[in-house]
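The values are calculated or read from the model by the stated rules, or taken from the named source; none is laboratory data. Computed from a predicted structure; not experimentally measured. Counting neighbours? That spans all protein chains shown, and the Cβs are built from the backbone with ideal geometry, glycine included.
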Amino acid sequence: MWELVRRAGLRILDQQIAPAGITITCEGAAKEARCPVCGSVSRRRHSSYTRLLMDVPADGRTVSILLSVRRFRCVHRQGRRRLFAERFPQLVRSYARSTERLDALLTRIGVFLGGEGGARLCEELCVPVSPDTILRLLYRMELTPAGELRVVGIDDWAWRKGHQYGTIVCDLETGRTVDLLPEARTEDLVQWFTAHPTVEVVSRDRSGLYADAAALGAPRAIQVADRWHLLKNLGNVAERVLAGIRLPRIVKLLKRQMYGRAGIELLRKRFLALQS
């Protein structure tokens, strides 16, 4: 933690370690700062203010950073900004209240657990944040564009369960969500497949809508049923087969497999002997 502060170009002024948390007071170590608008370097200090930042926990305690930020006068007279504040991009974004590495941790928690579940876990990790904070970080997360898709899966997903449904498209080779279509319509899927001509395999459910869309948009692709629907089909067939078999017959077959004919005859004789 202290090494991170030094790498960001800060000088530690004070540190307080208490059972409830750790507080570090620091300021910029450089004597000048660069204007973010015109890029000129200035040493003309104007004033300063303090930012309170939250960092990743340490030793089961919350970590807070009191960062003294200096304002400088821009030396470029024709510049649009007269005053600017020094920035520390390795530590924190502008106007943020948490460090970059804490934001990265909260983003990963949000990806796996969502807002409510992530907030409950963060409470146990001594990082008290609200579910809305985690969701804002998820909305801000940059997604790397998908490359050439070869095996995709399509299915329904709910904007509002029971009212409005769209279509989710996943890359089954990487396990990533590729696209979310606003509606479950054949025309939208045909356009999507046309824009991704490298698709070779389409995994789908038994819906005729997705079958038609894949046939029209990706006629060369192989259509397969996904695992859940394969197991569902197998369960339905097994249920129909077992429904036509009487229970006594099944019990008799199981007994024959377990004891054989001689064993069943012996059990019958013992049972008659006990009755007499």
So which residues in the stretch 157-177 are of a type in the set (Phe, Trp, Tyr) and either surrounded by fewer than 11 Cβ atoms within 10 Å (Cβ to Cβ) or within 18 Å of the chain's Cα centre (by Cα) (or both), if there are any at all?
Trp157, Trp159
So Asp132 fits all but one of (1) at pLDDT 90 or above; (2) surrounded by 14 or more Cβ atoms within 10 Å (Cβ to Cβ); (3) more than 13 Å from the chain's Cα centre (by Cα); what number is the exception?
(2)
Quick one: which residue in Gly166, Gly162 is part of a strand (DSSP E or B) and either without any contact (Cβ under 8 Å) to a residue 24 or more places away in the chain or on the phi < 0 side of the Ramachandran plot (or both)?
Gly166
Is there any pair linking a residue in the stretch 230-255 that is closer than 30 Å to Ser203 by Cα and not assigned by TED's automatic domain parsing to the domain that holds Ser207 to one that is at pLDDT 65 or above and surrounded by fewer than 10 Cβ atoms within 10 Å (Cβ to Cβ), with Cβ under 8 Å and at least six apart or on different chains, and which?
none
Looking only at the stretch 23-61, which residues are among the polar types (S, T, N, Q) and at pLDDT below 90?
Ser40, Ser42
Here is a check on your reading of the model: is Val111 farther than 21 Å from Thr62 by Cα, free of Cβ contacts under 8 Å to residues at least 24 places away in the same chain and surrounded by 12 or more Cβ atoms within 10 Å (Cβ to Cβ)?
no
Among (1) within 20 Å of Met54 (Cα to Cα); (2) not in a loop (DSSP other than H, G, I, E, B); (3) not small (Gly, Ala, Ser), Cys126 falls short only on (2)
Filter result (in a strand (DSSP E or B) and surrounded by 14 or more Cβ atoms within 10 Å (Cβ to Cβ)) within the stretch 16-40
Gly21, Ile22, Thr23, Ile24, Thr25, Cys26, Glu27, Gly28, Ala33, Arg34
Exactly one of (1) assigned to a strand (DSSP E or B); (2) more than 31 Å from the chain's Cα centre (by Cα) is unmet by Leu52. Its number?
(2)
Only one residue in Leu209, Leu180, Leu189, Leu216 is under 30 Å from Phe112 (Cβ atoms), surrounded by fewer than 17 Cβ atoms within 10 Å (Cβ to Cβ) and of a type in the set (A, V, I, L, M). Which one?
Leu180
So Gln223 passes all but one of these: (1) assigned to a strand (DSSP E or B); (2) out of contact with any strand residue (DSSP E or B) (no Cβ under 9 Å at 6 or more places or on another chain); (3) polar (S, T, N, Q). Which condition number does it fail?
(2)
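May I ask you to verify whether Ala238 is at pLDDT 80 or above, over 31 Å from the mean Cα position of the chain (by Cα) and either buried (at least 16 other Cβ atoms within 10 Å of the Cβ) or farther than 23 Å from Thr144 by Cβ (or both)?
On the way: at pLDDT 80 or above: yes; over 31 Å from the mean Cα position of the chain (by Cα): yes; either buried (at least 16 other Cβ atoms within 10 Å of the Cβ) or farther than 23 Å from Thr144 by Cβ (or both): yes.
Against the criterion (at pLDDT 80 or above, over 31 Å from the mean Cα position of the chain (by Cα) and either buried (at least 16 other Cβ atoms within 10 Å of the Cβ) or farther than 23 Å from Thr144 by Cβ (or both)), Ala238 qualifies.
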